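A quick write-up on the structure given underneath.
The values are calculated or read from the model by the stated rules, or taken from the named source; none is laboratory data. The shown structure was predicted, so the numbers you read here are calculated from the model rather than taken from an experiment. Every residue, glycine as well, gets a Cβ built from its backbone with ideal geometry; the counts of neighbours run over all protein chains shown.
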Amino acid sequence: MKAAVLLAASVLLAPAVFAQSAPAPVPPPPGLNDPGVKAKAASAPAPAASKLPALPAMRDNGPRDANGAAPPQVRVYQRDQDTVQEYSRNGQVYMVVVTPKSGVPQTYTLDPSGRLVDEHGQRPVRPVMYKVLEWGKSRPAEASTSGD
């Protein structure tokens with residue numbers, strides 16, 4: 001069955017394969033000292049300079065992003081063995097990246113009031129810590145009951 005399908009496909013595709021002609025001959029590359037084709041003189045004269053409109057003065061206000069804001073200022077310094085990068089815009093720090101000597105960089109973002117927030121805009125959680133048991137200290141004296 002498979003042989004019959006293969007035979008039928010080859011019979012149908014054979015004329016397309018044999019119908020291809022040989023490629024046209026390609027001219028040889030130009031010589032090393034060949035001057036090439038000479039440019040012809042333009043038939044239309046160039047417009048006079050007085051007819052062109054004046055271009056506005058170009059100013060460079062420095063690099064800007066798509067919204068027109070200036071790029072952030074980055075302050076990099078060492079604290080112990082950590083490298084700290086502070087990103088600020090308009091004098092306001094908005095992100096701090098702490099890269100330890102060996103480890104994963106930690107990124108902290110700050111809200112406009114300077115408090116740390118996570119990537120979802122939430123402030124970090126500070127769990128309440130209670131001292132449940134302390135080792136090495138004696139128990140306080142039991143209060144005596146005067147119910148005798």
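Does PRO112 qualify as being assigned to a loop (DSSP other than H, G, I, E, B) and either small (Gly, Ala, Ser) or loosely packed, with under 10 Cβ neighbours inside 10 Å (or both)?
Here the answer is yes, as PRO112 does meet what is asked.
Name every residue in the stretch 62-89 that is part of a loop (DSSP other than H, G, I, E, B) and either in contact with a His (Cβ under 9 Å, 6 or more places away or on another chain) or among the polar types (S, T, N, Q) (or both), in order of residue number.
Residues satisfying the conditions are ASN67, GLN81.
Just to check your reading of the model, which residue among PRO25, PRO53, PRO45, PRO15 is surrounded by fewer than 10 Cβ atoms within 10 Å (Cβ to Cβ), farther than 26 Å from VAL117 by Cβ and at pLDDT 85 or above?
Unique residue meeting the criteria: PRO25.
When both residues are 6+ apart or on different chains and their Cβ atoms are under 9 Å apart, which pairs have a first residue that lies in the stretch 119-148 and is over 30 Å from GLN106 (Cβ atoms), and a second that is at pLDDT 75 or above and of a type in the set (Gly, Ala, Ser)?
So the pair list comes out empty.
Those residues that are of a type in the set (D, E, K, R) and modelled with pLDDT under 90, I need them from the stretch 81-100; list them, please.
ARG89 - this is the single residue of the stretch 81-100 that is of a type in the set (D, E, K, R) and modelled with pLDDT under 90.
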